[in-house]
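This is the structure I have questions about; it appears just below.
The values are calculated or read from the model by the stated rules, or taken from the named source; none is laboratory data. Here the structure is a predicted model, which is why all the values come from computation and not from measurement. In this analysis, Cβ positions are derived from the backbone assuming ideal geometry, glycine residues included, and neighbour counts consider all displayed protein chains. The area values use the complete protein model at the heavy-atom level, side chains included, leaving out ligands, DNA and RNA. Shrake-Rupley method; radii C 1.70, N 1.55, O 1.52, S 1.80 Å.
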Amino acid sequence: MKRRAWFRSSLVVGTLAVVAVCGCSRVHKKAPVLHATAAGSALVVSSGDRQLAPSGSPLPQPLIMQVNDNQGNGVTGALVKFSVPAGVKIDPAEALSDSNGEVTANVTLGNTSGRYVLTAMAWNKAGHPISVQVPELAAGYQEELGYQVQRKYCSRCHDPESTPEQVSNHDNLAVPPHSFDQGATYNKLSDADLTAIIGHGGPALNLSALMPPYGSTLTKADIQAVIAYIRLVSDPPYQAPGLVYAKQ
Amino acid sequence: MRALNKLWNSWRGLFRDPIQPFGIASVLLLVALAIAPAKDHFSEWHYYQHGYLRLIKNRRDAAVLQRHFEPGIHQIWLPDLGVVDRCETCHLGLTETSLGDIKMEPYSRHPVIPHSMQQFGCVMCHRGQGVATTVAGAHESALSSDGPILPAQYSEASCGQCHHAPLEGTPTLNQGRFLLARYGCVRCHTIKLPDGTSMQPADTPPPLSHIADKTTREWIYAWLRDPKSYAATATMPNFLLSDNDARDISGFLIANSVPEPGDTATLKPPKAGGSVDPTAGASLYGESFCASCHAMQNAAGNVVGGDLGPELTAIGTKVKPEWLTAWLRDPRNYDAGTPMPHYRFTDQQLALLTGFLESKTNTDLLANVHLDPATPAQIAHGKKLVEEYGCASCHEIRGVAKPDNYGPELSQIGSKPVAQLVFVKGMPETLPAYLSTKIKHPRIFGPGLHMPQFSFTPEQVDALTTALLSLTDRSVTLPAKLQIPTPQQTDYEPAGKAGQLMADLNCMACHRINGHGGTMAPDLSWEGSSVQKQWLDAFLKNPNTLRPTLIRRMPKFNLTDEERAELTDYIMTAYQNPDIDRDAMPLSGYSPDQVEHGRELFYGKYACQSCHMVDPAKDKGYIGPPLTEVGSRLNAEWIYLWLKNPQKLRPGTIEPNHDMSDDDARALTAFLMAQKGAGSQKTGTRTASVSASGTKGAGE
């Protein structure tokens, strides 16, 4: 008797609480349903992928997707839907392509740092879905610091792009350095390897002496931050080795 | 006994069966007793803790994570900081390094930050209600002074509560603070910092007391209507004035202006027959490096140049030629506080530059401006408007006093309770949304508002909002040991005759000396220890740039020989590092072997050629200054000490500290001192060092 009362009462109170929580906190707003008037055969990123922004903030440029026919011309009126990982906001989440075949969406990144992969979807004439993965990069404090540090100390040589404000030294070097997004190069190096190269210069790992040592110039935190930045921007993405556990 | 019987009867009358009420009462009691454990069992935090356990159950690192997991409410209590945070009750993975792949809240790992959570808690940075144990209570409630949770976008604001000096990892906050000073926000809104100082403006609004010497009423009218119509980069905001208001203010400013002797100058017309090269003016503009500070639209339509002074794209439409000539001759006469240097232009140069700048016009700007002479009533109304809009907060205007605290004080705006804010219909009712909307559209909050319309980019609005959100109650009440104050400028001014000359040339608008001055050009505090006297003298005569990739460069002032000697002597004597004896190592006379050893180190072990050039034919390094003539420029002791620890001589310089041995540093110094430049370069460095040591005494 006693136990049953316990269960029943807790069940009743619990159900009530759940109903109350669900009823109060979730009010769904229905967006008007969009009907595609055309269909393309390809979906491409026009611009706005792989942008770096502080976590939780909007991307500086909108994400523009383009729906093309098989000649590569934009298709007007095709439906594009975005699905985003938890924490990411996109506006609009679905839209019809404009006269250039383009769909423009504003993206706000999630609150944790790291790589967010958005998925854009369109449908071809046969109704089969075409999906494209669009990575965007959210910098936390450490990655942001790394970005600032590498911009001051590293990018003049490591970034081959020249601007009037900052002329690149990349092509002046006998052994051109690797751009930080070259995952094929950097993903092979462990954090300890990168720390050694940054701290003691290229010769620490039998690489070019044109890479000078920064161990006595940058703090440990700065070097870790630069590595975090390199890991964030690397393409293909960096897979952390993870913890190694003994077999049971 | 009768009484008892009566009671029993009435009891039976009420309940018929005497046992039933006991049953009902005990069930009610049981239910009542069950409420508390049920509430606990179905509480939100319990739900999230179960969710966490489900999440980690099948992971490879489950064993470790489960060992770290402790059920129940977790709390960080920091009495010093007024922090009682129970956030970790639900946010269970914050310190789990292996959860880097989890982006689902509330289980994600906290991004790496330089502080520990146990030291500062959560609410210090994220705001919200630390003691609450429900999602809504912790995140959305505005009950305590911390208000609801701060959107992650503005997180840098929290760093600014303690860090009042710029931080490398908070670019948004730094930019916001810079903009508050650069756009003169703090001229109307006082911002007091916890250390008792106030944020100082970093703009230079011109005085308006003699404005009729400089420009016309028509231009003032067009400018007041919309500053951007004259210059795309105008920093003055748009006051959204009506035509009549702009007419009256321009009328007042012209009527109020008094001519100042020396504000205008007319040059003798050039000799007849003497043909002037039409490009000479443009060349002089380039040679004088006006573009270091002033922007101008180029043929491609891009605005190119610095932003220290005003944009000059349509300067010919703005200023009168006779004023421009007088200004170029000596800008301090018109505006004693201008950062513009006193170039010593010759009359011919003045004529060339005035002609060139006057040709930069925008004929559309004033095409439709026709103003009748202002009536006394209009002028009086204009003065009233000038007072109403607080023009004198920024500009010096004859007869109008600078208003005190024209706008509301913003010292603790970042903690303003939402209840005290007035929102516009349709906007999110939060403080960050209020601040950014106010910056974007200051006048939509009601009639009678005077805050002008700026045209900030979305990034700049975010930066300003971040900087304002950092001004919290908490930042004032934090223990003093946590406060990292802004580096205060000293009030150093160079003394004597050379000091007057330096003030006249406005050296400190760009150069910093002993903690005072600009940051655009190198710090000169130890220049006397660093450079050789002959080089300095030649440099002041003709400042050829050390870094050819820079847009901003030192302009050439037509200094007389005496002025140059005065300046050189002063810099060489007054600006020395007390720890450096610049004559400790000779300028030349190093042994060829040592020079050769230095060369090997330069190109081999230290690979200096990645950033520096010694042999322009071979080396391509473009980051540091070229070293082709470094042996005639720098003192050997300075080079030696620089090689040993560059940051000690110039904090923040990007040349890495190589932890060089004394021998290596000495050999490299010998090699670098052998780079005497020009003529001797061709014959190779080995012979150069010999010939240099032959012609110059070591005791120089």
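In the range B:602-636, what count of residues is obtained for those that are open to solvent by less than 30 Å² (accessible area, probe 1.4 Å) and acidic (Asp, Glu)?
Here the count works out to 1.
Right, another one. Could you check B:MET554 against (1) surrounded by fewer than 18 Cβ atoms within 10 Å (Cβ to Cβ); (2) modelled with pLDDT under 90 and say which number it fails?
Result: B:MET554 passes all but (1).
Of the residues B:ASP101, B:ASP17, which is within 30 Å of B:GLN119 (Cα to Cα) and either of a type outside the set (Val, Ile, Thr) or surrounded by fewer than 16 Cβ atoms within 10 Å (Cβ to Cβ) (or both)?
Result: B:ASP101 is the single residue among B:ASP101, B:ASP17 that is within 30 Å of B:GLN119 (Cα to Cα) and either of a type outside the set (Val, Ile, Thr) or surrounded by fewer than 16 Cβ atoms within 10 Å (Cβ to Cβ) (or both).
Among the residues of the range B:80-94, which ones are open to solvent by 30 Å² or more (accessible area, probe 1.4 Å) and within 29 Å of B:LYS39 (Cβ to Cβ)? Give the derivation first.
Residues of the range B:80-94 open to solvent by 30 Å² or more (accessible area, probe 1.4 Å): B:80, B:82, B:84, B:86-88, B:91.
Once the filter is applied, which keeps residues that are open to solvent by 30 Å² or more (accessible area, probe 1.4 Å) and within 29 Å of B:LYS39 (Cβ to Cβ), the range B:80-94 yields B:GLY82, B:VAL84, B:ARG86, B:CYS87, B:GLU88, B:HIS91.
Give the residue that is farthest from the chain's Cα centre (by Cα), with candidates limited to residues of the range B:140-158 that are at pLDDT 90 or above and open to solvent by 40 Å² or more (accessible area, probe 1.4 Å).
Per the criteria, the residue is B:ILE149.
Assuming B:THR266 fulfils every condition listed in (1) open to solvent by less than 50 Å² (accessible area, probe 1.4 Å); (2) more than 33 Å from the chain's Cα centre (by Cα) apart from one, which condition is it?
(1)
If you don't mind, another one. What pairs come out if I take residues in the range B:424-437 that are assigned by TED's automatic domain parsing to the domain that holds B:GLU140 and under 14 Å from B:PRO458 (Cβ atoms) and pair them with residues that are buried (at least 21 other Cβ atoms within 10 Å of the Cβ) and modelled with pLDDT of 95 or more whose C-beta lies under 8 Å away, six or more apart or interchain?
none
Scan the helices (runs of 4 or more DSSP H) fully inside the range B:610-675 and keep the ones with 1 or more residues being within 12 Å of another protein chain (Cβ to nearest Cβ).
Helices (runs of 4 or more DSSP H) meeting the threshold: B:636-644, B:646-649.
Turning to a different aspect of this structure: For B:GLU168, work out the one condition from (1) part of a helix (DSSP H, G or I); (2) within 13 Å of chain A (Cβ to nearest Cβ); (3) of a type in the set (Asp, Glu) it doesn't fulfil.
If we test B:GLU168 against (1) part of a helix (DSSP H, G or I); (2) within 13 Å of chain A (Cβ to nearest Cβ); (3) of a type in the set (Asp, Glu), just (1) comes out false.
Any chance you could count how many residues in the range B:33-53 are more than 9 Å from chain A (Cβ to nearest Cβ) and over 30 Å from B:MET104 (Cβ atoms)?
Within the range B:33-53, residues that are more than 9 Å from chain A (Cβ to nearest Cβ) and over 30 Å from B:MET104 (Cβ atoms) number 1.
Can B:TYR590 be described as more than 14 Å from chain A (Cβ to nearest Cβ), open to solvent by less than 70 Å² (accessible area, probe 1.4 Å) and touching a Ser or Thr at 6+ places or on another chain (Cβ under 7 Å)?
The answer is yes for B:TYR590.
With (1) small (Gly, Ala, Ser); (2) under 22 Å from B:GLY72 (Cα atoms); (3) outside the structural domain of B:THR89 (by TED's automatic domain parsing) as the list, and B:GLY51 as the residue in question, which single condition is left unmet?
Result: B:GLY51 passes all but (3).
Hey, another quick one. Let me confirm something: among B:TRP8, B:TRP45, which residue is open to solvent by 60 Å² or more (accessible area, probe 1.4 Å), of a type in the set (Phe, Trp, Tyr) and either out of contact with any strand residue (DSSP E or B) (no Cβ under 7 Å at 6 or more places or on another chain) or part of a helix (DSSP H, G or I) (or both)?
Just one listed residue meets the conditions, B:TRP8.
Has the range B:187-203 got at least one residue that is under 19 Å from B:LEU431 (Cβ atoms), within 14 Å of another protein chain (Cβ to nearest Cβ) and touching a residue at least 60 places away in the same chain (Cβ under 8 Å)?
Looking through the range B:187-203, none of the residues is under 19 Å from B:LEU431 (Cβ atoms), within 14 Å of another protein chain (Cβ to nearest Cβ) and touching a residue at least 60 places away in the same chain (Cβ under 8 Å).
For the range B:171-193, give me the residue count where each residue is basic (Lys, Arg) and either surrounded by fewer than 18 Cβ atoms within 10 Å (Cβ to Cβ) or in a loop (DSSP other than H, G, I, E, B) (or both).
Result for the range B:171-193: 2.
Here is a further query. Taking the criterion of being of a type in the set (Val, Ile, Thr), in a helix (DSSP H, G or I) and open to solvent by 60 Å² or more (accessible area, probe 1.4 Å), would at least one residue in the range B:426-440 satisfy it?
For the range B:426-440, residues of a type in the set (Val, Ile, Thr), in a helix (DSSP H, G or I) and open to solvent by 60 Å² or more (accessible area, probe 1.4 Å): absent.
What's the number of the only condition in (1) in contact with a Gly (Cβ under 6 Å, 6 or more places away or on another chain); (2) buried (at least 21 other Cβ atoms within 10 Å of the Cβ); (3) not acidic (Asp, Glu) that B:GLY130 fails to meet?
(1)
Of the conditions (1) within 11 Å of another protein chain (Cβ to nearest Cβ); (2) in contact with a strand residue (DSSP E or B) (Cβ under 7 Å, 6 or more places away or on another chain), A:GLY101 clears all except one; give me its number.
With respect to (1) within 11 Å of another protein chain (Cβ to nearest Cβ); (2) in contact with a strand residue (DSSP E or B) (Cβ under 7 Å, 6 or more places away or on another chain), A:GLY101 is out only on (1).
Go through (1) away from chain A (no Cβ under 14 Å); (2) surrounded by fewer than 20 Cβ atoms within 10 Å (Cβ to Cβ) one by one and return the number of the condition B:THR457 breaks.
(1)
Each row is one residue, and each column tells you yes or no for (1) under 19 Å from B:VAL186 (Cα atoms); (2) at pLDDT below 90.
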{"position": "B:ALA367", "(1), (2)": "no, yes"}
{"position": "B:PRO376", "(1), (2)": "no, no"}
{"position": "B:LEU385", "(1), (2)": "no, no"}
{"position": "B:CYS391", "(1), (2)": "yes, no"}
{"position": "B:GLU396", "(1), (2)": "yes, no"}
{"position": "B:LYS402", "(1), (2)": "yes, no"}
{"position": "B:ILE413", "(1), (2)": "yes, no"}
{"position": "B:ARG443", "(1), (2)": "yes, no"}
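Then there's this: Do any helices (runs of 4 or more DSSP H) entirely within the range B:288-392 hold 3 or more residues that are over 27 Å from the mean Cα position of the chain (by Cα) and surrounded by 18 or more Cβ atoms within 10 Å (Cβ to Cβ), and if so, which?
B:315-318, B:321-329, B:347-358, B:376-388
Tally the residues that are touching a residue at least 40 places away in the same chain (Cβ under 8 Å), on the phi > 0 side of the Ramachandran plot and crowded, with 18+ Cβ neighbours inside 10 Å, restricting the search to the range A:74-111.
1
Within the range B:11-36, which residues are at pLDDT below 85, in a helix (DSSP H, G or I) and either hydroxyl-bearing (Ser, Thr, Tyr) or in contact with a Phe, Trp or Tyr (Cβ under 8 Å, 6 or more places away or on another chain) (or both)?
Result: B:PRO21, single match.
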